[in-house]
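Reviewing the structure listed below.
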Amino acid sequence: MERLIEHTAFTRRSFADVCHILEHDAMGLLAHATSAASRRVAAVIDNSDEHLPGFDSSERLSVKPSDLVRDHDRHAWIEFTWQANPRKRPLANVEARLDIRPLIAGGPAASTELTLWARYDPPKGPKRDSVLFGRRVVKAALHRLLADVAEHLEDYEESIV
């Protein structure tokens with residue numbers, strides 16, 4: 001059964017800056033955030049009493065972004081897949097879309113809203129508890145991914161914008 005996740009974060013970068021960064025370095029930004037999220041997933045699982053059969057905490061997730069699409073000057077998005085090696089890691093493969101919108105109401109005009117929409121098939125395991133734990137791990141990993149993207153946008157080299 002496919003699941004849908006939505007997470008929202010904010011950055012103090014302007015909409016134009018965020019779009020510019022993603023147009024020029026989406027792979028670098030998402031790969032950096034994926035690496036951090038992957039380490040977090042491994043730490044959560046390694047320190048848990050739960051067991052996910054076949055899990056190898058040394059395996060890293062990979063990300064494959066599309067080009068940035070601008071609907072108009074107030075909305076843009078980038079789609080990406082987030083995948084694990086299915087033979088070594090029983091975590092879900094994810095199809096996601098990162099929506100980017102300028103934030104006007106309730107904040108400075110330079111702020112930008114980032115909304116992650118993700119679809120995934122929940123990981124499967126022999127025990128119900130393992131399956132539920134796997135779902136929690138996927139949700140936490142996606143939340144961490146978005147938080148890392150927002151953080152990396154804040155700290156992104158000023159020279160590119």
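Taken over the range 1-24, the criterion of being surrounded by fewer than 17 Cβ atoms within 10 Å (Cβ to Cβ), under 23 Å from residue 73 (Cβ atoms) and in contact (Cβ under 8 Å) with a residue 12 or more places away in the chain is satisfied by 8, 10, 12, 20, 23, 24.
Would you mind finding the one in 88, 127, 139 that is in contact with a strand residue (DSSP E or B) (Cβ under 7 Å, 6 or more places away or on another chain) and either on the phi < 0 side of the Ramachandran plot or at pLDDT 90 or above (or both)? Steps first, answer last, please.
Values: 88 fails: in contact with a strand residue (DSSP E or B) (Cβ under 7 Å, 6 or more places away or on another chain); 127 fails: in contact with a strand residue (DSSP E or B) (Cβ under 7 Å, 6 or more places away or on another chain).
Selected residue: 139, the only one of 88, 127, 139 that is in contact with a strand residue (DSSP E or B) (Cβ under 7 Å, 6 or more places away or on another chain) and either on the phi < 0 side of the Ramachandran plot or at pLDDT 90 or above (or both).
Every residue in the range 142-156 that is out of contact with any strand residue (DSSP E or B) (no Cβ under 9 Å at 6 or more places or on another chain) and crowded, with 22+ Cβ neighbours inside 10 Å, please. Passing the criteria: none in range.
When you scan the range 49-63, do you find a residue that is modelled with pLDDT of 70 or more, among the small types (Gly, Ala, Ser) and under 28 Å from residue 20 (Cβ atoms), even just one? Before the answer, list the steps.
Applying the first criterion (modelled with pLDDT of 70 or more) to the range 49-63 yields 62-63.
Add one more test, that the residue is among the small types (Gly, Ala, Ser), and what stays is 62.
Those left that are additionally under 28 Å from residue 20 (Cβ atoms): 62.
Scanning the range 49-63, I find at least one residue that is modelled with pLDDT of 70 or more, among the small types (Gly, Ala, Ser) and under 28 Å from residue 20 (Cβ atoms), so the answer is yes.
For the range 108-124, the set of residues classified as buried (at least 19 other Cβ atoms within 10 Å of the Cβ) and at pLDDT below 75 consists of 123 only.
The values are calculated or read from the model by the stated rules, or taken from the named source; none is laboratory data. Quick caveat: nothing in here was measured; it's all calculated off a predicted structure. Heads up, the Cβs are rebuilt from the backbone with ideal geometry, glycines too, and the neighbour counts pull from every protein chain shown.
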